[in-house]
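What follows draws every value from the coordinates through simple rules; no lab data is involved. Note that the structure is predicted; figures quoted are calculated from it, not measured. Cβ placement follows ideal geometry from the backbone for every residue including glycine, while neighbour counts extend to all protein chains displayed.
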């Protein structure tokens, strides 16, 4: 991750562009049921007091899935898919995301151009959050990106709180752009240490409106 963190400095200029992009476009407001909490269990062997090995289940991934516009029945329509996760690694938790978008006609989902710039902003927070895209798009033009720890913590706190409005600025390879808005996850405890996200980091997984990752 150290190489990635050093590369983030080149994105400082992009950060200054994000507020202007948001201000220039009317945002597309996604529905309250377009956001899910996601989690995955990891297993780690723990040694008992007499050297006997036991298996202790813990969470290996905690995050949010945005399935934007999937409930819309318009034909054609645009759909946005995004996973924003905190992932357990040998060195601690790291924050990453995947994102892609599709033009839907009938039963066919046609990938739109890949995203080349992606940032988040939180109402009441003047500092935008830059996602650093890494590598080439996949077969569906989906991209992977990473977030620095402190900005990621602010984003996860906002996505854990239904009272917060999160704005997502997207720029595509064909030089088009969009602005999405979504409120935080509304099920379970709202924000704070007992939010679904923070509880997941401690090893507890919520029940309502969640999607365990295979």
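So if the hydrodynamic radius of region 55-214 is defined as the Kirkwood radius over C-alpha pairs, what does Stokes-Einstein give as its diffusion coefficient at 4 °C and 1.567 mPa s, in µm² per second? The estimated diffusion coefficient comes to 78 µm²/s. When you restrict to C-alpha pairs under 8 Å that are six or more residues apart and normalise by the size of region 54-196, the relative contact order lands at 18 percent.
On the beta carbon distance between residue 103 and residue 213, with R0 = 25 Å, the FRET formula returns roughly 0.45. Can you tell me how much longer the chain between residue 28 and residue 73 gets when fully stretched, taken as 0.36 nm per residue apart minus their C-alpha distance, in nm with one decimal? Gain in length upon complete extension: 14.6 nm.
The alpha carbon centroids of region 61-88 and region 129-164 are separated by 13 Å.
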